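Each remark here refers to the structure printed beneath this line.
What follows draws every value from the coordinates through simple rules; no lab data is involved. Here the structure is a predicted model, which is why all the values come from computation and not from measurement. In this analysis, Cβ positions are derived from the backbone assuming ideal geometry, glycine residues included, and neighbour counts consider all displayed protein chains.
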């Protein structure tokens, strides 16, 4: 199957500097795509994210992905109304 280059809009392409955008299907890699946009994207990029992925998928990334910086994780916890205790990047391992 051939994917349209527009699957990642032009304004998002710099966020995926290490990805072959000719063949990249963001819906096949939701964790990677959501984490990358939350960590490096701007308001327009997140608006695209909300059109492509559900809030539940974004919540799942926030609950499981530890790669977000604490600054990003705190911000997105507020935006997406998640208690900070549920955000993986903010939990400390004992």
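Based on the alpha-carbon gyration tensor of region 25-89, what equivalent-ellipsoid semi-axes (square roots of 5 times the eigenvalues) come out, in whole Å, largest first?
So the three semi-axes of region 25-89 are 17, 12, 11 Å.
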For this session: With a point put 7 Å past each Cα toward its Cβ, work out how far residue 24 is from residue 79 in nm, to one decimal.
Result: 1.8 nm
Seminar exercise, completed: From DSSP H assignment alone, runs of 4+ in the chain each adding -39500 (n - 2.57), the sum over residues rounded to the nearest 500 puts [θ] at 222 nm at -13000 deg cm²/dmol
Exercise. Given Cα pairs under 8 Å that are at least 6 residues apart, what percent is the relative contact order of the chain?
Worked result: 22 percent
